[in-house]
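Take a look at the structure set out below.
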Amino acid sequence: NNSVRLSSIVADLLVLTELESGADPQEPEVIPLRGVVESVLVTVEAEARERNVTLVLDELQEFHIAGRRLRLEQALLNLVANAIKFNRPGGEVRVRVAAVEDGRIAIVIADTGVGIPSEDLPRIFERFYRVDKARSRQVGGTGLGLSIVKHVIEGMGGRVSVESQLGNGSVFTILLPAAPE
């Protein structure tokens, strides 16, 4: 278990270092969001079933953004997996994608989980920051996932935010510029 955990930390640190350096030789591609979101939900489906958490995908129109598909999938996977891990049995994770007035696309991941205390909200996108150290060890993770999310989204010209209340779940919102037609 310790070697798997150490390997995960090293892999996440390598990703984070690449993202922070800005040394990405790949050109952005036009990414259809429907395929990315559906791929992420298929990936976490078994874990959601195992934890008795319902995944709900609101009606999904096709939107396109510019960036790296693999990195966007990684960011969304981190958010949805956290929403499942820190949920309660019988809980729900809802994913919605919608255009917003200023020409950006919003990806919203809402859960009915344990929530995040208000005093922890300003720090959750920091490297290795964990809200509940004891529970984090039980459910796994490296403490780098939300930092990776932040760097991926900002690298695509977007931003990520969170609203949460202890005991009432969390809502993570990603805003990304729509790809030019």
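Reported to the nearest whole Å, the Cα centre-to-centre distance from the stretch 154-178 to the stretch 59-91 is 11. Taking θ as phi - 60° and the Karplus parameters 6.51, -1.76 and 1.60, the scalar couplings of the stretch 86-100 work out to 9, 9, 10, x, x, x, 9, 10, 10, 10, 9, 10, 8, 7, 10 Hz in sequence order, x denoting glycine and proline. If the segment from Glu47 to Thr173 were pulled out straight at 0.36 nm per residue, it would be longer than the present Cα-Cα gap by 43.1 nm. The stretch between Glu119 and Ala66 holds 15.7 nm of extra length on full extension. This uses 0.36 nm per residue minus the Cα-Cα distance. Around Ile153, what is the net charge, scoring Lys/Arg as +1 and Asp/Glu as -1 over all other residues with Cβ under 12 Å from its Cβ? So the surrounding residues net to +4. Under a 5 Å amide H cut-off, with hydrogens placed 1.01 Å from N, Gln165 pairs with Ile116 among residues at least 5 apart or on other chains. A Förster distance of 25 Å, applied to the separation of the beta-carbon atoms of Glu29 and Val100, puts the FRET efficiency at 0.65. Backbone phi angles across the stretch 52-64, fed through the Karplus curve with coefficients 6.51, -1.76 and 1.60 (θ = phi - 60°), yield HN-Hα couplings of 6, 10, 8, 9, 10, 10, 5, 3, 10, 7, 8, 10, 10 Hz in residue order; Gly and Pro are listed as x.
Every number in this text was worked out from the coordinates using simple rules, so none of it is lab data. The shown structure was predicted, so the numbers you read here are calculated from the model rather than taken from an experiment. Backbone-built Cβ (ideal geometry, glycine too); neighbour counts: all protein chains shown.
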